[in-house]
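The structure appears below as structure tokens.
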Amino acid sequence: MKGVKEEIERVLISAEEIAQRVRALGEKISRDYGKGGVARDPYRRPLLVVGILKGAMPFLADLIRVIDLPLEYDLMSVSSYRNGTSPGEVRILKDLDRSIAQRDILIVEDIVDTGTTLDHILRLIQARSPASIRICTLIDKPARREVQVPMHYVGFTLPEDVFVVGYGLDYAELYRNLPFIGVLKREIYEEEGIADR
Ligand code: PRP
């Protein structure tokens, strides 16, 4: 991955730190949803983990493998019109495969920034009458929040407004494959036409 790593100013969260935190989140989720916890019946009606594409993919893949409960997972893909006609509107690119009525839902995101995406996803999911909904995000960036959203499981809270990439997080679709979370060099995102290189 030489070349890509040279575009990183500093590593903010190492692969080891991510792995350790993901394990802790998995243990907490397993305890919370275990018998008598959040889920009505985790053994007969398993937890349904909903990953939000594309950024959540590496986190989702690691997290589900450290949750010690029967579970199903599904994927949803949404796109925000950040500069479009209706600011904040979210369009579904890929919906869930099956009905989620009476299911215990754990939404998995890579990052919650303004909160707009998650707010829309929550409304969509809530309208389908699940038994419960909880949110798990690897990164919370409260400094940029515009819409308040509930947060149940947070991997890391970024105290400052830094632009991070890696472990699913992209800049112009790149850097998602980095095993760590890092800060991109300023000249990279101030440069035009990164996607064309
Ligand atoms: C990212 C991230 C969240 C959203 C958070 O997705 O995965 O879904 O932005 O931002 P918000 O809180 O300001 O709404 P993005 O639309 O970049 O798509 P991606 O996951 O495919 O990178």
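The values are calculated or read from the model by the stated rules, or taken from the named source; none is laboratory data. Predicted model, so just to flag it, every value in this text is computed and none were measured. For neighbour counting, all protein chains shown are included, and Cβ atoms are generated from backbone atoms with ideal geometry for every residue, glycine included. Ligands, DNA and RNA are excluded from the accessible area calculation, which covers all protein heavy atoms including side chains. Shrake-Rupley method; radii C 1.70, N 1.55, O 1.52, S 1.80 Å.
Database remark: amide H of residue 106 closer than 5 angstrom to the amide H of 48, 49, 50, 134 (H placed geometrically; neighbours at sequence offset of 5 or more, or on other chains; Pro and chain starts carry no H). Cα-based count: Lys pairs in region 14-162 below 26 Å, eight or more positions apart or different chains? Pairs that pass both the separation and distance tests number 5.
Within region 106-126, find all residues whose amide N lies under 11 Å from a label point positioned 7 Å from the Cα of residue 72 along Cα-to-beta-carbon. Counting only backbone N, you get no residues. Site pair residue 79 and residue 190 shows an inter-label distance of 3.1 nm when each label is modelled 7 Å from Cα along Cα→Cβ.
Surface listing: 146, 187 arranged by accessible area from highest to lowest gives 146, 187, probe 1.4 Å. Between residue 35 and residue 99, the simple spin-label model (points 7 angstrom out along Cα→Cβ) gives 2.9 nm. In plain terms, if you count all Cα to Cα distances in the chain and split them into 10 Å steps from zero, the share in each step is 8, 34, 36, 17, 4, 0 percent.
Heavy-atom accessible area with a 1.4 Å probe sorts 133, 52, largest first, into 133, 52. On region 14-162, 47 percent of the accessible area sits on carbon and sulfur atoms, based on a 1.4 Å probe. Each DSSP beta bridge with both residues in region 14-162 is either parallel or antiparallel, and the antiparallel ones are about 15%. Summarising the label geometry, the points placed 7 Å from Cα in the beta-carbon direction at residue 89 and residue 53 lie 2.2 nm from one another.
With protein chains left intact and a 1.4 Å probe, residues in region 14-162 average 51 Å² of accessible area per residue.
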